[in-house]
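Beneath this line is the structure, given in structure tokens, with notes to follow.
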2 protein chains.
Amino acid sequence: MKDVAARAGVGLKTVSRVVGGEPGVTPDTERRVREAIDALGFRRNDSARVLRKGRTASVGLVLEDLADPFYGPLNRAVEEVARAHGALLIIGSSAENPDRERELALALCARRVDGLIVIPAGDDHRYLEPEIRAGVATVFVDRPAGRIEADVVLSDSFGGARDGVAHLIAGGHRRIGFIGDHAHIHTATERLRGYRAAMADAGLPVAGSWVSLGSTEPERVRAAARSLLTGPDPVTAVFAGNNRVTVTVVRVLAERTPPVALVGFDDFELADLLRPGVTVVAQDPATLGRVAADRLFHRLAGAALPPARTELPTRLIPRGSGEIAPPAV
Amino acid sequence: MKDVAARAGVGLKTVSRVVGGEPGVTPDTERRVREAIDALGFRRNDSARVLRKGRTASVGLVLEDLADPFYGPLNRAVEEVARAHGALLIIGSSAENPDRERELALALCARRVDGLIVIPAGDDHRYLEPEIRAGVATVFVDRPAGRIEADVVLSDSFGGARDGVAHLIAGGHRRIGFIGDHAHIHTATERLRGYRAAMADAGLPVAGSWVSLGSTEPERVRAAARSLLTGPDPVTAVFAGNNRVTVTVVRVLAERTPPVALVGFDDFELADLLRPGVTVVAQDPATLGRVAADRLFHRLAGAALPPARTELPTRLIPRGSGEIAPPAV
């Protein structure tokens, strides 16, 4: 505030009046103070602000898909951390739409949340820069922010996919398909990169027809899986890029003889009770949510930290589907 | 507004000033207007208000459990209706805690939502009366409001459970257990009532040890299921009161010989791929959400409707687990 006052050529009390929206400041002075604030990237001390006003802190969570069970434990972990800090959690869902994400994040800021946790749908988050400068603590989770520096907590999508595909290769598979989410989604491309790395490490070629990215809607995934399994160069194993893809591929493979091997990214409920059990590369969504929320509240408590990237390891869980051998030729 | 003006003995313009927070009204006049408003239950025309201010409408959704997949399609349906109306949807989760529900609902109102959809955790919603009087359209979904008259959209829990249990009885079962959610939850007691009705209709006694209500945490459900299956009067079939209970009971029953029959309330992902497939009484959560949201936007558009109760039918889906015969004696 001293820097703002010096730059605007006014007293501390005047800056305080402008920031607090109090009367007694001429329009010209107010303009100068606001320009100085913008120029200096003035940061509210959120923690002090919350305590001073004696009101409940609130944090916003911008979700990606309300109906994807992967996010359930992540969302609940964020909620539990918020509750432990006595803060309200207000949520909005972008439904995978970048415009919607932006609209929601800004709407939550306009409603005076103290901090934001974002599961990004878009890849350009410069729209949040003024909010971050104004003191809204912001942490990204599951996928990184685009074109701004910000905290992010995510899983090792590249390494996890590479391990899962290497597991299929170790089991004797040479023709392995990859079905993933849209190419503009960070986790989708990272997992595809892991698939390609495992194939390259083993000196295996990847036919163009073996890779399919797109919507996780069942019809699209079903068509993609059937296409991988037929044609001149059919695969003997499938790597599914996330839980929404996996549950549809499971249905397609249930009909096939000889059986086709499957490893899926993300664990899911009842995966172990299916026959065969579904081998997965498991993330820990609850820990993703907890670490992201802890980071947010650390910032809200006034910690001045540079933006950091936290990457959590994944875990391969063999259950049967990923251990099916390729048919003898 | 005419009624308010007449009752307060002032002009329309004065009422408008008081409601709009404009200056030029004496404290005594303002008090008289406010008393008239309270007395008459003055209702803002929300639709007009939204249009007048030229801002985006926003509606709040108070969820019950972020990690219960049953609510995924319900939440997403509400979101889709809100989006179709160009409205922002802001969500909070009560985590099954009545105090939290109240705190969240009021926080959303304080942040000027135009309407609220509530999946109630508590059974006393009189705290919402001032908000509803002030014009916040409010619709309850999945469970009714407590101690206030309000719109509610829910499934026929009683009839669905009665049908599911009757199905087990028709298959030859006489000793049937019921494992449900906490007794303070409306759906839990309605489903228990359905179970008791089906047993009574068939002239079958219900042993006290066959009914277990409580948390849906896996440990509690596992213990309850094991207790039903052992002891002096073991059951040959189980009716599970919701999807959280069912997925745990499936695990317990997977270990049993001879096999035990199971019907669960709520369908769930992959229920058909388990062996045996799980017979369920399916609700339609997407329709619950859509009907509730449609009702809300109907009210926001200015419809002056008395509170209504909409009950959606359930559907029995036989898949194998509910058709297992009792062991021959």
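The values are calculated or read from the model by the stated rules, or taken from the named source; none is laboratory data. All of these numbers come straight from a predicted model, not from anything done at the bench. Using ideal geometry, Cβ is built from the backbone for each residue, glycine included, and neighbour counts are taken over all protein chains shown.
Determine, yes or no, whether B:Ala105 is out of contact with any Asp or Glu (no Cβ under 7 Å at 6 or more places or on another chain) and assigned to a loop (DSSP other than H, G, I, E, B).
no
The conditions are (1) surrounded by fewer than 16 Cβ atoms within 10 Å (Cβ to Cβ); (2) part of a strand (DSSP E or B), and B:Gly264 fails exactly one of them. Which is it?
That leaves (1) as the condition not met.
Being without any contact (Cβ under 8 Å) to a residue 24 or more places away in the chain, in a helix (DSSP H, G or I) and more than 24 Å from B:Pro98 (Cβ to Cβ) narrows it down to one residue among B:Ala225, B:Ala166, B:Ala200; which is it?
Numbers: B:Ala225 fails: without any contact (Cβ under 8 Å) to a residue 24 or more places away in the chain; B:Ala166 fails: without any contact (Cβ under 8 Å) to a residue 24 or more places away in the chain.
Just a single option satisfies the conditions, and that option is B:Ala200.
What pairs come out if I take residues in region A:76-95 that are closer than 10 Å to B:Leu66 by Cβ and pair them with residues that are in a helix (DSSP H, G or I) whose C-beta lies under 6 Å away, six or more apart or interchain?
Hits for this filter: A:Ala77/A:Ala286; A:Ala77/A:Gly289; A:Ala77/A:Arg290; A:Val78/A:Gly289; A:Val78/A:Ala293; A:Leu89/A:Glu79; A:Leu89/A:Ala82.
Considering region A:1-35 alone, what residues qualify as being in a helix (DSSP H, G or I), among the small types (Gly, Ala, Ser) and within 38 Å of the chain's Cα centre (by Cα)?
A:Ser16, A:Gly20
So which of A:Leu305, A:Leu270, A:Leu288 is in a loop (DSSP other than H, G, I, E, B) and buried (at least 17 other Cβ atoms within 10 Å of the Cβ)? Spell out how you get there, then give the answer.
Values: A:Leu305 fails: buried (at least 17 other Cβ atoms within 10 Å of the Cβ); A:Leu288 fails: in a loop (DSSP other than H, G, I, E, B).
Sole residue among the options that is in a loop (DSSP other than H, G, I, E, B) and buried (at least 17 other Cβ atoms within 10 Å of the Cβ): A:Leu270.
Any idea how many residues of region A:265-314 are away from every other protein chain (no Cβ under 14 Å) and within 30 Å of B:Pro276 (Cβ to Cβ)?
Total satisfying the criteria: 4.
Test A:Thr310 against the stated conditions and say whether it is part of a strand (DSSP E or B), modelled with pLDDT of 95 or more and either acidic (Asp, Glu) or over 30 Å from B:Glu255 (Cα atoms) (or both).
Yes.
Residue by residue, here is whether (1) surrounded by fewer than 20 Cβ atoms within 10 Å (Cβ to Cβ); (2) assigned by TED's automatic domain parsing to the domain that holds B:Phe297; (3) on the phi > 0 side of the Ramachandran plot holds:
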site	(1), (2), (3)
B:Leu61	no, yes, no
B:Leu66	no, yes, no
B:Gly72	no, yes, no
B:Asn75	no, yes, no
B:Glu79	no, yes, no
B:Gly86	yes, yes, yes
B:Leu89	no, yes, no
B:Ser93	no, yes, no
B:Pro98	yes, yes, no
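Exactly one condition in (1) part of a loop (DSSP other than H, G, I, E, B); (2) under 16 Å from the mean Cα position of the chain (by Cα); (3) not hydroxyl-bearing (Ser, Thr, Tyr) is false for A:Gly172; which is it?
Only one criterion is unmet by A:Gly172, namely (2).
Out of the residues in region A:73-93 that are out of contact with any strand residue (DSSP E or B) (no Cβ under 7 Å at 6 or more places or on another chain) and in a loop (DSSP other than H, G, I, E, B), state the one that is nearest to the other protein chains (Cβ to nearest Cβ).
Restricting to residues being out of contact with any strand residue (DSSP E or B) (no Cβ under 7 Å at 6 or more places or on another chain) and in a loop (DSSP other than H, G, I, E, B), the top hit is A:Gly86.
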